[in-house]
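The block underneath contains the structure these notes are about, expressed in structure tokens.
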Amino acid sequence: MLALVDANNMYVSCERVFSPRLRGRPVVVLSSNDGACIARSNEAKALGVKMAQPWFQVRHLEKTQGLIAVSANFELYGDMSSRMMAIEARYAPRQEIYSIDESFLDFDGVRGDLVALCRDMRAAIWREVGLPTCVGLGPTKTLAKFANHVAKEAERKPGSYPRHLAQVCNVGAIDRPALEELFAATEVGDIWGIGRRISAKLNESGIRTVRELAHSDAAMLRKQFSVVLEKTLLELRGVSCMALDDQPEGRQQILVSRSFGKAVTSIDGIVEAVSEFAARAAEKLRQQGSMASAVNVFFTTSPFRKNDRQHEANVTIPLVRPTADTRHLVGAAAGAVHRLFRPGFSYAKAGVMLMDLQAAGVQQAELDLVGDVEPGSVDTVPAKSSNQAKLMAAMDTLNRRFGRDAVRIASQTAVSNGAETRSWSVRQERRTPRYTTRWAEMPWVKC
Ligand SMILES: [Mg+2]
């Protein structure tokens with residue numbers, strides 16, 4: 001039996017843990033540069049705020065309806081997510097972390113009442129990290145996702161599904177006629193993997209509810225739609241077509257890019273931003289145990305500012321040897337900026353992508369054919385490579401322990417002069433403190 005555990009309105013719920021004033025109120029979380037609503041509380045949904053709706057369109061609700069907006073605080077959400085995932089992992093032998101707030105658990109071999117176990121797990125997550133969750137159980141991933149949908153809707157919209165299925169729903173324990181009823185009450189678009197386009201097409205061919213889909217002909221679906229939809233159908237019938245992936249492959253490339261909070265016109269500003277992005281990317285690279293063989297760097301003006309002169313710089317730099325060393329990756333990226341920067345432009349966005357990744361362990365000891373590299377060129381020094389790895393590990397440990405950027409490459413704050421807020425910083429005027437990852441922002445309790 002599989003379970004899909006999902007936090008309700010994750011970002012809003014994380015904010016509510018530390019700001020009780022947000023509870024029971026309509027709340028939205030804004031994307032970087034405070035542009036659009038990327039998360040909504042149930043109360044905000046009820047006011048009609050749509051997913052990804054631009055903030056300026058709903059801003060008036062602040063005055064009229066008491067809508068509260070906060071800037072996205074991804075450092076907080078990421079940390080709360082890892083805490084939640086760790087609790088879930090205690091309850092099942094295998095876990096696939098599917099997104100920041102969802103994981104599949106495989107209860108294969110676990111005996112006893114799984115619904116009771118999942119209620120315990122929900123209570124533990126609530127008690128230990130303060131996040132509300134819903135759990136769906138089913139014999140396949142698609143059915144577990146479906147059960148989760150039922151659990152969530154039954155709680156959020158009384159009357160949509162039977163009340164006793166709220167919060168934790170096990171479709172594996174429901175008899176056939178009752179399951180058919182749940183299927184009949186659900187539109188095909190609510191099924192995992194069926195997007196707006198496919199559901200419109202299904203509707204055209206007369207398939208509106210999940211029940212109608214489940215009774216469709218598999219061969220017809222494959223022919224008229226895709227193998228993917230056929231698999232969805234089989235999964236709805238209880239035939240597992242998607243395995244649990246508890247050891248996901250590392251990413252093939254790592255991208256860190258941001259739109260600037262205000263235009264950057266100086267080369268030092270671009271160097272600072274690009275150094276920061278390369279350092280962040282390098283951290284992620286080491287986390288997944290990889291090395292990069294090439295670095296792509298880009299920085300560009302805004303195509304939306306039609307009156308500005310436009311320039312887009314984009315270059316890929318192959319590295320002499322694959323590396324995970326922040327100093328080399330930042331050096332390569334900053335070098336590219338020095339070659340491509342053109343004065344007189346208002347740059348709006350930049351990014352660094354690490355490419356051609358390989359596992360750090362498989363790097364072969366090699367002859368030092370390029371031992372005499374000019375100083376300042378992009379290279380790693382094999383004789384010192386184990387020292388480099390140790391240095392990077394020490395840097396990561398210090399940053400984990402004392403907060404991000406406790407140790408950093410100087411060019412990351414070349415312009416900002418060591419200050420935590422960077423010259424190019426993303427606009428986040430309403431960001432709450434990073435309560436769980438920064439000593440200086442820890443909540444205070446006065447008693
Ligand atoms: Mg969720």
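Here, each number is a calculation from the coordinates, and none is a lab measurement. It should be emphasised that the depicted structure is a prediction, and the values quoted were computed from it without experimental measurement. With ideal geometry, Cβ positions are generated from the backbone for all residues, glycine too; neighbour counts draw on all protein chains shown.
Our coupling estimate for the stretch 267-282, obtained by passing each phi through the Karplus curve with A = 6.51, B = -1.76, C = 1.60 and θ = phi - 60°, is 5, 5, x, 5, 4, 4, 5, 5, 4, 4, 5, 5, 5, 4, 5, 5 Hz, Gly and Pro reported as x.
The count of lysine pairs in the stretch 254-413 that are at least 8 places apart or cross chains, and whose C-alpha atoms lie under 21 Å apart, stands at 5. Under a Gaussian network description of the chain, with springs only between Cα atoms under 10 Å, the residue in Lys284, Lys157, Lys349 that fluctuates furthest is Lys157.
Net charge near Ala7, counting Lys/Arg +1 and Asp/Glu -1 over other residues with Cβ under 15 Å of its Cβ? Neighbourhood net charge equals 0. A simple spin-label model places the labels of Phe56 and Asn314 2.7 nm from each other, with each point 7 Å out along Cα-to-Cβ. Neighbours of Leu229 by Cβ distance under 11 Å: Lys/Arg scored +1, Asp/Glu scored -1, total +2.
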